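Below is one structure, written out as structure tokens; comments come after it.
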Amino acid sequence: MMGPHKNLQVWQNSMELVSLVYKKTRNFPRYEVFGLSSQMQRAAVSIPSNIAEGYGRDSNPDLIHFLHIALGSSNELDTQILIARNEEYITEEEFHQLEDLNDNVMRKLQSLINTRRKYEMQTGQTSKPQKPQNL
């Protein structure tokens, strides 16, 4: 059975981002294997992982907490993408490709966080609904 997080566009987009980051960091210099390359990969992997963990929890506050962690990882990756461009490890085109996808993930995460907060305020409920919104 497919978990509810796998139905979310933001989770699916963040999985695309992970694949793209791994693809682009393969071309980094060897001396970056344990440096920027590894940091970018860990930050990217953290995004869908925390979305999934949040959806595996039993409460809306826990979900929101893990969505914030995912958003933090996305912001961390944003900085690392800039560093990769500045160090000329990626082309300008690759930079825009990574940045656009990451910006899309950040917007969707923030929207989902806002939706979950609004749900909690309107209903007074702290448990999550059964069907996630497709953001």
In whole angstrom, note down how far apart the Cα centers of the stretch 58-88 and the stretch 1-54 are. 10 Å
Of 38-44, 24-30, 8-14, ordering from highest average Cβ density within 10 Å down gives 8-14, 38-44, 24-30
For the stretch 20-135, accessible area per residue (1.4 Å probe, heavy atoms of protein chains only), Å²: 56 Å²
In the chain, which longest range has no GluC sites (Glu not before Pro) that are both DSSP loop (not H, G, I, E or B) and surrounded by at most 16 other Cβ atoms within 10 Å? 1-86
Over the chain, what is the relative contact order in whole percent, taking alpha-carbon pairs under 8 Å and six or more residues apart? 33 percent
For the chain: span of alpha carbons on each principal axis (Å, largest first): 51, 25, 20
Quick one: how many lysine pairs does the chain have with C-alpha atoms less than 30 Å apart and a gap of 8 or more or different chains? Give me the count, please. 13
Could you give the angle, 0 to 90 degrees to the nearest 10, between helix 36-55's Cα long axis and the longest principal axis of the Cα atoms of the chain? 10 degrees
Length gained, H68-S19, 0.36 nm per residue minus C-alpha separation, equals 15.5 nm
Calculated FRET efficiency, L82 and T115, Cβ-Cβ r, R0 41 Å, to nearest 0.05? 0.90
Just the accessible area for Y22, please: 1.4 Å probe, Å², rounded to the nearest 10? 90 Å²
For the stretch 49-97, with all protein chains present and a 1.4 Å probe, just round the carbon and sulfur fraction of the accessible area to a whole percent. 45 percent
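The values are calculated or read from the model by the stated rules, or taken from the named source; none is laboratory data. Keep in mind that what you see is a predicted model, and the values were worked out from it rather than measured. Note that we place each Cβ from the backbone using ideal geometry, even for glycine, and neighbour counts take in every protein chain shown. These area figures cover heavy atoms from the full protein model, side chains too; ligands, DNA and RNA do not enter into them. Shrake-Rupley method; radii C 1.70, N 1.55, O 1.52, S 1.80 Å.
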